[in-house]
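Have a look at the structure below before the remarks.
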Amino acid sequence: MTLTTEDINTQLSAGERVLWSGQPRQGVIIRGADAFMIPFSLLWGSFAIFWELSVINSNAPAFFALFGIPFVLVGIYLIIGRFFFEAKHRARTYYAVTNERILIISGLSCRKVQSLDLRTLSDLSLAEGKYNEGTITFGSGSPFNSMFGGFSSWPGTGAYLGPRFELVANAKTIFETIRRAQR
């Protein structure tokens, strides 16, 4: 599934117009949480591979070899797969601000459309980083936001993070566009 600006246009209602549209930063990204995750994933993966090779070389029962396979697969995902999974997910994510709502269109195997009405959107926050890039979060904060904020590449964490425009260029300009549209 490849998303385009045409996908945004198909979501618009009569009289609705796009004020801004874009995508999150593309490519593989190393985040702050990776300062913990990279050493952990290397330890996990190394131990899982060591276990699997030891079991195979020791002629242990097949059950032990099969038992280690999921741990090796998780280790491979933790070491390298999560970076590519997240990059692929961001490549298939489009954001839009219209005169009526916020649209987030994403998905790897199926299209997921999130629509947030600007009239009922009360909380809006901006976390701006280097080079005017940032994340705009919609809705009230969850206690999980800070806990899972750096782990957005983990499948299923989106429910804890809530709707957001993540890693967008010129985040402050987009933030102000949303604020103007709310008035």
- Task: Inspect all residues belonging to the stretch 40-48 and state whether any of them is under 21 Å from the mean Cα position of the chain (by Cα) and at pLDDT 95 or above.
- Result: yes
- Note on the structure: Result of the Cβ filter at 7 Å on the stretch 105-122, keeping first residues that are among the basic types (Lys, Arg) and partners that are in a loop (DSSP other than H, G, I, E, B), at least 6 apart or interchain, is ARG111/MET1
- Task: Check whether at least one residue in the stretch 53-64 is surrounded by 13 or more Cβ atoms within 10 Å (Cβ to Cβ), over 30 Å from LEU103 (Cβ atoms) and aromatic (Phe, Trp, Tyr), and report yes or no.
- Result: yes
- Message: Suppose we keep only residues that are touching a Lys or Arg at 6+ places or on another chain (Cβ under 8 Å) and either in a loop (DSSP other than H, G, I, E, B) or acidic (Asp, Glu) (or both) within the stretch 118-142. Which one would you say is farthest from GLY32 (Cα to Cα)?
- Response: LEU118
- Message: Take the conditions crowded, with 17+ Cβ neighbours inside 10 Å and either among the hydrophobic types (A, V, I, L, M, F, W, C) or under 24 Å from ILE136 (Cα atoms) (or both) and apply them to ILE104. Does it pass?
- Response: yes
- Message: Please determine whether any residue of the stretch 31-40 is assigned to a helix (DSSP H, G or I), touching a helix residue (DSSP H, G or I) at 6+ places or on another chain (Cβ under 8 Å) and touching a residue at least 60 places away in the same chain (Cβ under 8 Å).
- Response: yes
- Item | Any chance GLU52 is more than 26 Å from GLU133 (Cβ to Cβ), part of a helix (DSSP H, G or I) and of a type in the set (D, E, K, R) | yes
- Message: Kindly evaluate ARG17 against the criterion of being within 16 Å of ARG82 (Cα to Cα), at pLDDT below 95 and charged (D, E, K, R).
- Response: no
- Does at least one position in the stretch 76-83 carry a residue that is under 26 Å from the mean Cα position of the chain (by Cα) and in contact (Cβ under 8 Å) with a residue 60 or more places away in the chain? yes
- First in the stretch 1-26 and outside any helix (DSSP H, G or I), second anywhere and modelled with pLDDT under 90 and basic (Lys, Arg), Cβ under 8 Å, 6 or more apart: MET1/ARG111; LEU3/ARG111
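Quick one: in the stretch 89-99, which of the residues that are modelled with pLDDT of 95 or more and not β-branched (Val, Ile, Thr) is farthest from GLN114 (Cα to Cα)?
Within the stretch 89-99, the match that is farthest from GLN114 (Cα to Cα) is ASN99.
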- Message: Based on this model, can you work out whether GLY150 counts as modelled with pLDDT under 55 and not in a loop (DSSP other than H, G, I, E, B)?
- Response: yes
- Pairs under 6 Å by beta carbon, first residue without any contact (Cβ under 8 Å) to a residue 40 or more places away in the chain in the stretch 167-183, partner exposed (fewer than 14 other Cβ atoms within 10 Å of the Cβ), six or more apart or different chains? ASN170/ASN132
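The values are calculated or read from the model by the stated rules, or taken from the named source; none is laboratory data. Computed from a predicted structure; not experimentally measured. Backbone-built Cβ (ideal geometry, glycine too); neighbour counts: all protein chains shown.
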